[in-house]
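Encoded as structure tokens, the structure appears first; notes follow it.
We did not get these values from a lab; they are worked out from the coordinates using the rules stated. Values in this document were obtained by computation on a predicted structure and should not be read as measured data. Note: ideal-geometry Cβ built from the backbone for every residue, glycine included; neighbour counts use all protein chains shown.
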Amino acid sequence: MSHTPHDLHAEFPDATDALHTLKTGNPHFGKLADQYHDLNREIHRIDSGIEAASDDRTEQLKKERLAILDQVAVMISEVQP
């Protein structure tokens with residue numbers, strides 16, 4: 001299986017502990033992380049040519065991924081010292 005770029009640990013390399021804390025203790029974060037993972041995997045498959053999608057669909061998926069990243073960044077900032 002290939003490496004999927006843009007996973008949460010790659011996006012927030014200095015927040016490994018915060019990501020773990022959120023994943024294990026915050027159900028809302030867990031849902032966001034799962035949504036992000038699904039979106040990211042779909043985008044990767046489109047970008048790799050494994051799946052077909054219109055440019056509009058791809059752009060929408062990337063906007064959704066960015067919106068989740070924004071939410072995750074706020075959550076990380078709330079748990080990091």
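Some points to look at:
- All positions within segment 10-25 that are of a type outside the set (D, E) and over 15 Å from the mean Cα position of the chain (by Cα): T21, T24, G25
Listed here are the residues, each with its yes/no results for (1) polar (S, T, N, Q); (2) in contact with a His (Cβ under 9 Å, 6 or more places away or on another chain); (3) outside any helix (DSSP H, G or I).
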{"position": "T16", "(1), (2), (3)": "yes, yes, no"}
{"position": "H28", "(1), (2), (3)": "no, no, no"}
{"position": "Q35", "(1), (2), (3)": "yes, no, no"}
{"position": "R41", "(1), (2), (3)": "no, no, no"}
{"position": "E59", "(1), (2), (3)": "no, no, no"}
{"position": "R65", "(1), (2), (3)": "no, yes, no"}
{"position": "V72", "(1), (2), (3)": "no, no, no"}
{"position": "I76", "(1), (2), (3)": "no, no, no"}
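- Segment 23-49, residues that are in contact with a helix residue (DSSP H, G or I) (Cβ under 8 Å, 6 or more places away or on another chain), free of Cβ contacts under 8 Å to residues at least 12 places away in the same chain and within 12 Å of V79 (Cβ to Cβ): K23
- Residue count for segment 8-67, restricted to those that are more than 29 Å from Q80 (Cα to Cα) and of a type in the set (S, T, Y): 3
- Subset of segment 7-22 that is surrounded by 15 or more Cβ atoms within 10 Å (Cβ to Cβ) and not polar (S, T, N, Q) - its residue that is farthest from V79 (Cα to Cα): D7
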